[in-house]
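Participant: Provided herewith is a single structure, encoded as structure tokens, for subsequent inquiry.
The values are calculated or read from the model by the stated rules, or taken from the named source; none is laboratory data. Just so you know, these numbers come straight off a predicted model, no measurement behind them. Ideal geometry is used to build each Cβ from the backbone, glycine not excepted, and the neighbour counts take in all protein chains shown. The protein model used for the area step is the full one, side chains on, heavy atoms only, and it has no ligands, DNA or RNA in it. Shrake-Rupley method; radii C 1.70, N 1.55, O 1.52, S 1.80 Å.
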Amino acid sequence: MKKQKPDNLKGFNPFNQLPQEIIFTILDLLNSNPLDIKSFSLACKSFYAAESKHRTSLKPLRQEHLPSILSRYPNIAHLHLTRCSRVSDTCLSFVSHACASSLRSIDLSRTHLFSASGLLGLALNCNNLVEVDLSNATELKDSAMAAVSQAKNLEKLWLARCKSVTDLGVGCVAVGCRKLKSICLKWCLGVGDLGVGLLAVKCNHICYLDLSYLPITSKCLSPILKLQHLEDLVLEGCFGIDDDSLAVLKHGCNSLKSLDVSTCQNISHNGLSSLVSGAVGLQQLTLAHGSPVTSSLGDSLKKFSMLQSVKLDGCLISYDGLKTIGNWCPSLRELSLSKCSGVTDEGLSSIVTRHKDLRKLDITCCRKITDVSISRITNSCNSLTSLRMESCTLVSREAFVLIGQRCHLLEELDLTDNEIDDKGLKYISRCSQLSNLKLGICLNITDEGLIHIGRGCSKLLELDLYRSVEITDSGIIAIAQGCPGLEMINIAYCKDITDHSLLSLSKCSRLKTLESRGCSMITSLGLTAVAVGCKELTKLDVKKCPNIDDAGMLPLTHFSQNLRQINLSHSSVTDIGLLSLAGISCLQNITILHLKSLTPTGLAAVLLACGGLTKVKLQAEFKWLLPHRLIEHLEARGCTFQWRDKVLQVELDPKCWKLRLEDLMP
């Protein structure tokens with residue numbers, strides 16, 4: 001017989017006696033998993049109330065939910081509205097009153113519809129607002145900047161691609177927001193020397209300044225380089241900047257630590273030599289897609305005693321240039337030579353044998369290097385944590401053994417499109433810290449190699465096996481068992497993968513991204529297992545999986561409530577299956593090309609029912625089959641349509657596909 005509780009214990013909740021500080025500490029530890037926080041808040045009323053007080057950050061899906069959400073969470077300091085395709089001035093007005101004292105940052109970078117009026121309310125009412133992101137708001141004009149200028153405590157402002165803003169608007173910000181420390185004006189094509197100069201004169205605390213692709217000249221550089229706290233300056237794609245412009249650096253900018261002059265074709269070693277006397281504390285230099293790297297350029301930079309990172313992606317590099325870099329006194333920590341033509345074994349070896357403290361090395365598409373370079377890299381740079389070497393096709397299978405033997409601290413390794421085989425993977429499995437491993441288009445690896453990775457790399461979070469066609473279920477099962485924290489896996493076009501792989505992956509409860517397009521043997525049974533076991537799934541690609549049908553959609557609706565992006569093209573899903581997806585409130589991006597059973601009537605019902613959609617990719621024929629008013633209604637709701645007129649293509653054999661790709665390479 002069940003014992004009755006004493007009368008004095010009825011209604012007693014021991015958790016109510018816990019101090020709030022302890023409960024908040026518990027919530028801090030649960031922050032990595034939203035499902036855990038949700039379970040915690042539903043445990044009892046006191047936990048529900050504590051979680052409401054503890055939460056300081058929100059990322060809602062739709063603006064209509066904001067009133068109820070903000071009434072529950074009174075202490076929101078960081079509001080991310082990037083998932084709301086449209087946010088009205090009325091909505092921003094509500095936010096400005098509900099979060100008047102707590103709001104410190106707001107992100108509107110992927111939303112539209114709001115205007116200067118809504119921004120003015122935020123600026124006037126939220127006195128503690130220090131960060132605003134308005135990137136991609138191409139419709140905003142100078143009046144919006146005048147509104148932003150009323151946020152007197154603003155420290156960070158992001159205006160990337162606000163192409164209608166001019167010098168006048170930036171001038172308003174400069175006058176009103178004197179505490180600015182970071183500002184991004186990338187692609188603000190209406191802003192020139194006048195606006196940038198005003199910022200430099202009025203905002204003395206700026207430490208980060210991004211002027212990428214602005215039509216500026218040397219006129220504004222002088223006041224910029226007088227900023228005493230400037231640490232990061234980005235001048236990418238500023239074609240008006242040349243050697244003469246950089247001459248002003250001779251007058252000094254001792255605080256500068258990072259400079260990006262990539263895609264500035266008019267800057268040579270003569271201009272960069274001005275840096276030597278002016279920016280003695282420079283630590284990071286980006287010269288990607290710029291002038292050729294010669295010995296003269298290397299000589300002009302060798303006096304930087306604190307330089308740690310150099311990025312030369314896409315540059316033409318001579319042997320003398322690499323040799324000069326190798327002779328620099330400082331020891332580089334990061335070197336990026338991605339897609340640089342002219343990189344040879346001799347030149348690369350001259351660098352790595354001198355710069356033995358390298359932590360990150362990118363030699364992507366350096367197609368002239370061979371085993372000699374890999375031997376020198378692994379022998380000299382044992383402390384590497386990141387090595388990217390996609391498409392280094394002259395490196396033989398034997399060289400990859402050296403990576404596993406000598407570079408045990410690797411956390412990121414990109415071997416896409418290389419000749420690595422199972423023996424190489426056996427040795428790479430010794431890199432126990434690996435979290436990101438890319439093995440796409442590696443046609444020599446099999447399950448045997450993956451079994452070694454599963455046994456040795458338990459910290460693996462991301463695995464890319466795109467078109468590595470010799471992989472079967474045995475390899476994927478080994479990965480799923482050995483890497484329980486896996487968050488992303490790409491098994492696209494691994495033709496022998498079946499439901500057994502998906503059943504094993506369903507045990508990886510933190511899996512967020514599953515890309516399995518072209519796996520024709522998987523069915524809705526395997527997809528159901530993933531839906532049930534991987535409740536954090538946010539991205540799913542089952543394109544060209546003909547055995548995925550409506551039976552797989554219902555479990556997704558019930559269990560995958562975090563799903564935001566799905567590709568169902570060339571599957572067997574019908575109107576009924578698509579309509580069931582309306583139950584996933586997070587779903588925003590859907591691609592449904594070449595669905596044979598999709599009808600205009602069913603599609604219309606699906607589009608209306610899925611209220612959170614922001615992007616839909618469809619066959620062009622549906623543009624004329626759907627009612628025009630329906631399309632207008634959905635676009636007004638914030639949905640963007642991408643119409644495609646691609647015909648169904650027959651899949652090539654992977655080896656033929658790779659040979660065709662190589663023929664296109666220079």
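Participant: Calculate one ³J(HN,Hα) per residue across the stretch 381-395 by plugging θ = phi - 60° into the Karplus curve 6.51 cos²θ - 1.76 cosθ + 1.60, and present them in order as whole Hz with x for glycine and proline.
Facilitator: For the stretch 381-395, the Karplus curve yields 10, 6, 9, 4, 10, 9, 9, 10, 9, 4, 6, 8, 6, 8, 7 Hz.
Participant: Suppose R0 equals 25 Å; then what is the FRET efficiency for Ile576 and Leu630 from their Cβ-Cβ distance, rounded to the nearest 0.05? Could the numbers behind the result be given before it?
Facilitator: Numbers: r = 20 Å, r/R0 = 0.78.
After rounding, the FRET efficiency stands at 0.80.
Participant: Solvent-accessible area per residue for the chain at a 1.4 Å probe radius, Å²?
Facilitator: 44 Å²
Participant: If you don't mind, another one. State which entries of Lys38/Lys617; Lys339/Lys426; Lys339/Lys360; Lys179/Lys302; Lys163/Lys339 exceed 24 angstrom in Cα-Cα distance in the structure shown.
Facilitator: Those over the limit are Lys38/Lys617; Lys339/Lys426; Lys179/Lys302; Lys163/Lys339.
Participant: Which one of Gly485, Asn547, Ile374 has its Cα pushed farthest toward the positive end of the charge dipole of the chain, where Lys and Arg give +1 and Asp and Glu give -1 at the Cβ?
Facilitator: Gly485
Participant: What's the local net charge at Asn128, with K and R +1, D and E -1, over the other residues with C-beta under 15 Å away?
Facilitator: Details: positive: Arg104, Lys152, Lys156, Lys179; negative: Glu131, Glu155.
So the surrounding residues net to +2.
Participant: First compute the accessible area of the stretch 54-129 with a 1.4 Å probe, then give the percent of it belonging to carbon and sulfur atoms. Provide the component values of the computation, followed by the final result.
Facilitator: Numbers: 1590 of 3240 Å².
That share works out to 49 percent.
Participant: Identify the GluC sites (Glu not before Pro) of the stretch 476-573 meeting these criteria: DSSP loop state and at most 13 other C-beta atoms within 10 Å of the C-beta.
Facilitator: On the way: sites: Glu487, Glu515, Glu536; in loops: Glu487, Glu536.
Sparse-neighbourhood loop GluC sites (Glu not before Pro): none present.
Participant: Something else now. List the lysines whose alpha-carbon lies under 20 Å from that of Lys45, not counting same-chain residues fewer than 8 positions away?
Facilitator: Result set, ordered by chain and number: Lys10, Lys53.
Participant: At what distance in nm do the modelled label points of Glu448 and Asn33 sit from each other, each positioned 7 Å from its Cα along Cα→Cβ?
Facilitator: That separation, rounded to one decimal, is 3.7 nm.
Participant: Can you grab the distance from the C-alpha centre of the stretch 25-70 to the C-alpha centre of the stretch 159-203, Å, no decimals?
Facilitator: 37 Å
Participant: Next question. Could you check the simple spin-label distance between Lys596 and Lys646, using points 7 Å along Cα→Cβ, in nm with one decimal?
Facilitator: 2.0 nm
Participant: Given the rule -39500 (n - 2.57) for each run of at least 4 DSSP H residues, summed and divided by the residues of the chain, what is its mean residue ellipticity at 222 nm, to the nearest 500 deg cm²/dmol? If you can, show how the numbers build up before the last one.
Facilitator: Values: 29 runs with 232 residues, N = 666.
Counting only the DSSP helices, I get -9500 deg cm²/dmol.
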